[in-house]
Amino acid sequence: MEKTYKTRIGVMGGTFDPIHYGHLMIAENAREQFQLQKILFLPAGRPPHKQHITEAVHRCRMVSLAISGNPWFALDQTEVESDGVSYTYLTMQKLKQRYGDVELFFILGADSLFDFESWMKPEAILQNCNILAAYRDNTGSFFGQLEYLDQKYPGKFFPLDTPSLAVSSQDIRMRVQYGRTIRYLVPEEVEAYIRNHKFYQKTPERKDGT
Ligand code: ATP
């Protein structure tokens with residue numbers, strides 16, 4: 001008898017302030033390597049660890065502009081539409097309720113793999129999803145951490161091989177602030193949106209040092 005597989009959905013969570021090619025590249029590689037039928041880009045509403053961020057409506061518009069050419073990518077506003085701080089474990093519960101009998105794969109970068117256990121209720125997150133962790137250059141400590149997590153939470157963590165793009169949203173905000181180019185770091189439409197809205201030009205009240 002033919003074995004039936006569950007639909008696999010990737011979830012690319014982030015602040016996306018702004019979205020950049022590093023995010024898009026890991027999502028696309030996750031789609032390919034893990035045969036994901038869809039990837040949800042999930043902008044954080046009010047992340048517990050970041051205080052001053054661009055309004056959700058603009059971060060969502062930048063995501064929409066960035067993903068518009070990829071039929072597998074979709075914007076998911078679950079977190080920006082919920083009140084208060086967004087916790088991943090609650091979001092995963094909501095997605096599971098909404099999508100039913102699917103397999104969820106939460107996609108994250110190597111840096112987030114090291115933070116994972118400081119997130120609220122890591123066990124509850126893993127009840128509803130697997131984790132795909134993108135690794136880049138720092139493979140030694142990355143695989144050590146992956147092995148540690150795999151022993152503690154068997155079968156839940158998978159390495160995701162991606163090309164390396166040393167860019168972060170913080171770099172992009174800094175570059176804009178200092179009048180430096182962000183071309184080829186973000187899609188053209190996102191760059192135009194940032195310029196038109198004069199984002200990131202001066203941020204005296206930011207508490208994350210950018
Ligand atoms: P910031 O610089 O504001 O902290 P960020 O660029 O890290 O932002 P987030 O939106 O916070 O972006 O990140 C969402 C996810 O994308 C995280 O899991 C992060 O590890 C991952 N990520 C961010 N940049 C890259 C990159 N260049 N390559 C691979 N993964 C990345």
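The values are calculated or read from the model by the stated rules, or taken from the named source; none is laboratory data. Not measured: the values here are computed from a predicted model. Reconstructed Cβ throughout: ideal geometry from the backbone, glycine too, with neighbour counts over all protein chains shown. Please note that ligands, DNA and RNA were not included when accessible areas were found on the heavy atoms of the full protein model with its side chains. Shrake-Rupley method; radii C 1.70, N 1.55, O 1.52, S 1.80 Å.
Over region 58-159, with the other protein chains present, what is the accessible area per residue in square angstrom, probe 1.4 angstrom?
Averaged over the residues of region 58-159, the accessible area is 50 Å².
Modelling each spin label as a point 7 Å along the Cα-to-Cβ direction, I'd like the residue 37/residue 171 distance in nm, to one decimal.
Going from the residue 37 label point to the residue 171 one covers 3.6 nm.
When only C-alpha pairs under 8 Å and at least 6 residues apart count, what is the relative contact order of the chain, in percent?
26
Please report how many Lys pairs in the chain have alpha carbons closer than 19 angstrom, counting only residues at least 8 apart along the chain or sitting on separate chains.
Total qualifying Lys-Lys pairs in the chain comes to 14.
So if I take the alpha carbon set of region 46-134, get Rg, then get Rh from the Kirkwood formula, what is the Rg over Rh ratio?
0.95
Largest first, how would 20, 197 line up by accessible area (1.4 Å probe)?
197, 20
For region 7-165, give the percent of accessible area contributed by carbon and sulfur heavy atoms, probe 1.4 Å, rounded to a whole number.
Answer for region 7-165: carbon and sulfur cover 48 percent of the accessible area.
Pick from 192, 66, 27: which is most flexible by mean-square fluctuation in a GNM of the chain where alpha carbon atoms under 10 Å apart are linked?
192
In the chain, which longest range has no GluC sites (Glu not before Pro) that are both DSSP loop (not H, G, I, E or B) and surrounded by at most 16 other Cβ atoms within 10 Å?
56-204
Report the accessible area of residue 164, computed with a 1.4 Å probe over the heavy atoms of all protein chains in place, in Å² rounded to the nearest 10.
60
For the chain, which longest stretch is free of loop sites, where a loop site is one of the chymotrypsin sites (Phe, Trp or Tyr not before Pro) that DSSP puts outside H, G, I, E and B and that has at most 13 other Cβ atoms within 10 Å?
6-177
How long is the gain from residue 181 to residue 141 if the chain were fully straight, where each residue apart is worth 0.36 nm and the alpha carbon distance is subtracted?
Additional length available on full extension: 11.2 nm.
Shape verdict for region 7-165, please, from the Cα gyration tensor: rounded (a/c under 1.5), prolate (a/b greater than b/c) or oblate.
It comes out rounded by the Cα gyration axes.
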